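Report on the structure given below.
The values are calculated or read from the model by the stated rules, or taken from the named source; none is laboratory data. Quick caveat, the model's predicted, so the values are computed rather than measured. Please note: Cβ atoms are built from the backbone with ideal geometry, for glycine as well, and neighbour counts cover all protein chains shown.
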Amino acid sequence: MSEWIERESKYLFQNYGRQPIVLERGEGSCVWDSEGNEYLDFVGGLAVTSLGHSHPAVTAAAEVQSQRLIHVSNLYYTTPMIELAELLVENSPLDRVFFCNSGAEAIEAAIKVARRYGYDERDGKYGIIAMQDGFHGRSLGALAATGTTRYREPFEPMPSGFNHVPWNDIDALQAATDENTIAVLLEPIQGEGGVNVPGPGYLQAVRKWCDDKGLLLILDEIQAGIGRTGTLWAHEQDGIEPDIMCVAKGLAGGFPIGAVLARDALAGHLVPGDHGTTFGANPVATAAGVAVLRYIFENDILTATRRASERLVMRLRQMEDALPAVTEVRGRGLLLALSLSSEVAPRVVTLCRERGLLVNNVRPDRIRLMPALIVEDDEIDRACDILEEAIRLATS
Ligand SMILES: *Cc1c(COP(=O)(O)O)cnc(C)c1O
């Protein structure tokens with residue numbers, strides 16, 4: 001293992017803080033490193049491996065499609081993208097889909113749709129209000145929308161037209177709205193920002209404000225969507241509908257993909273020549289996406305996810321009661337986090353890994369848990385036993 005890690009340090013950009021294990025193989029909720037050690041994976045590739053590792057439905061779809069056709073570009077029609085777009089549209093409040101390859105790209109496209117609409121129909125308005133602690137990706141437009149100053153500052157100047165208001169504060173949003181505002185962009189649950197759930201009525205108030213002022217509501221469901229919170233879309237639980245929605249992470253079970261969904265009237269503002277991407281709507285990625293969504297619907301995975309969530313939350317609450325170091329259980333569905341302290345949380349990540357459980361830190365003081373949507377009861381139990389022991393050890 002250490003030989004690979006040495007070679008990595010010689011040849012790759014050193015822009016990630018990687019955990020010191022080399023992962024070679026995965027199945028369901030488990031992964032194995034190059035020395036044969038097994039880990040329960042409660043990171044889930046950062047909410048990407050929605051059906052676990054190498055799910056047979058996903059590998060079969062990708063295998064069949066890659067033998068048939070891997071890539072031709074958007075100069076031509078291919079069938080998997082049409083099937084996936086149909087599934088997304090028929091199972092969301094929106095009408096049309098644009099495919100790309102990552103979350104950041106989906107955000108870029110959503111920004112361009114909003115700006116094009118402003119340019120065509122709203123006297124050139126282009127301002128977008130986003131949230132403090134919101135996360136939208138690392139490309140410059142997505143970064144400009146991201147609400148963490150520390151991520152943006154070293155790369156300034158940012159594209160203009162973005163400002164940030166505190167999350168869960170409707171008054172701040174209203175005060176920040178001006179004659180140039182065209183859209184509000186936010187996550188239905190903030191993921192990277194620390195697993196921050198909207199307060200009661202907050203998203204409804206945002207929706208109402210957008211309606212009153214003629215603003216577009218862009219929801220970033222890149223982390224929270226595709227069943228992660230126990231409903232296909234996180235926004236369903238708040239009783240609202242977006243005008244534009246970005247999807248990515250869990251959509252293709254591990255294959256790189258992103259998608260923007262929009263109302264018909266908005267999608268129509270992007271005309272040939274306005275936007276595109278060579279790899280977007282890739283047949284293998286979109287075939288994998290079709291397999292993921294069909295599997296979720298045909299096997300009632302959303303119900304299984306809600307049950308798994310109940311079990312996991314119950315165990316986490318028991319830890320909260322038993323262990324003074326645990327100050328809070330956060331999140332919905334299988335997008336969960338434990339609040340600890342910034343001294344303890346990184347140690348817990350290491351102690352868990354050494355005991356065969358992968359979890360990750362969001363913010364210095366929180367541990368995030370995002371297992372596969374199909375995680376099994378005994379895997380939840382084993383993970384919680386390890387997590388509890390790790391927290392005890394880290395605080396003793
Ligand atoms: C991960 C994430 C992104 C960025 O996606 P990438 O695929 O890393 O570009 C954007 N928004 C949210 C909410 C995310 O969690």
**Prompt:** How many of the residues making up the stretch 241-261 are away from the ligand (no atom under 16 Å from the Cβ) and either at pLDDT below 95 or in contact with a Phe, Trp or Tyr (Cβ under 8 Å, 6 or more places away or on another chain) (or both)?
**Reply:** 0
**Request:** From Glu108, Glu153, grab the single residue that is within 11 Å of the ligand (Cβ to nearest atom) and either within 24 Å of the chain's Cα centre (by Cα) or free of Cβ contacts under 8 Å to residues at least 24 places away in the same chain (or both).
**Result:** Glu108
**Residues located in the stretch 146-165, provided they are among the aromatic types (Phe, Trp, Tyr) and not in a helix (DSSP H, G or I)** = Phe162
**Message:** Quick check on my filter: what residues within the stretch 280-313 are over 20 Å from Ala252 (Cβ atoms), in contact with a helix residue (DSSP H, G or I) (Cβ under 9 Å, 6 or more places away or on another chain) and not small (Gly, Ala, Ser)?
**Reply:** Arg307, Arg311, Leu312
**Prompt:** Does Thr49 satisfy the condition of being of a type in the set (Ser, Thr, Tyr) and assigned by TED's automatic domain parsing to the domain that holds Asp243?
**Reply:** no
**Item:** Positions within the stretch 324-344 being surrounded by 16 or more Cβ atoms within 10 Å (Cβ to Cβ) and farther than 27 Å from Val48 by Cα, in sequence order
**Value:** Ala325
**Prompt:** Of the residues in the stretch 323-339, how many are in contact with a Lys or Arg (Cβ under 9 Å, 6 or more places away or on another chain) and more than 27 Å from Gly227 (Cβ to Cβ)?
**Reply:** 2
**Prompt:** Could you say whether any residue in the stretch 118-136 is at pLDDT 95 or above, under 21 Å from the mean Cα position of the chain (by Cα), part of a loop (DSSP other than H, G, I, E, B) and at positive phi?
**Reply:** yes
**Prompt:** For the stretch 185-228, what are the residues that are in contact with a Gly (Cβ under 8 Å, 6 or more places away or on another chain), surrounded by fewer than 24 Cβ atoms within 10 Å (Cβ to Cβ) and closer than 30 Å to Asn299 by Cα?
**Reply:** Val197
**Prompt:** Given the structure, is Tyr39 part of a strand (DSSP E or B), hydroxyl-bearing (Ser, Thr, Tyr) and within 23 Å of the chain's Cα centre (by Cα)?
**Reply:** yes
**Request:** Assess whether Asp264 counts as being closer than 18 Å to Asn74 by Cβ and among the acidic types (Asp, Glu).
**Result:** no
**Request:** Please enumerate the residues belonging to the stretch 186-212 that are out of contact with any strand residue (DSSP E or B) (no Cβ under 7 Å at 6 or more places or on another chain), more than 14 Å from the ligand (Cβ to nearest atom) and not hydroxyl-bearing (Ser, Thr, Tyr).
**Result:** Gly199, Pro200, Gly201, Leu203, Gln204, Ala205, Lys208, Trp209, Asp211, Asp212
**Asked** For residues in the stretch 42-62 being part of a loop (DSSP other than H, G, I, E, B) and either at pLDDT below 95 or on the phi > 0 side of the Ramachandran plot (or both), which is surrounded by the fewest Cβ atoms within 10 Å (Cβ to Cβ)?
**Response** Ser54
**Prompt:** What is the number of the single condition among (1) away from the ligand (no atom under 16 Å from the Cβ); (2) buried (at least 23 other Cβ atoms within 10 Å of the Cβ); (3) closer than 30 Å to Glu24 by Cβ; (4) in the same structural domain as Ala234 (by TED's automatic domain parsing) that Gly103 does not meet?
**Reply:** (1)
**Asked** Looking at Met319, is it aliphatic (A, V, I, L, M), in contact with a strand residue (DSSP E or B) (Cβ under 8 Å, 6 or more places away or on another chain), in a helix (DSSP H, G or I) and surrounded by fewer than 21 Cβ atoms within 10 Å (Cβ to Cβ)?
**Response** yes
**Prompt:** Does the stretch 1-31 hold any residues that are small (Gly, Ala, Ser), surrounded by 12 or more Cβ atoms within 10 Å (Cβ to Cβ) and outside any strand (DSSP E or B), and which are they?
**Reply:** Ser29
**Prompt:** What about Ile82, is it assigned to a helix (DSSP H, G or I) and away from the ligand (no atom under 16 Å from the Cβ)?
**Reply:** yes
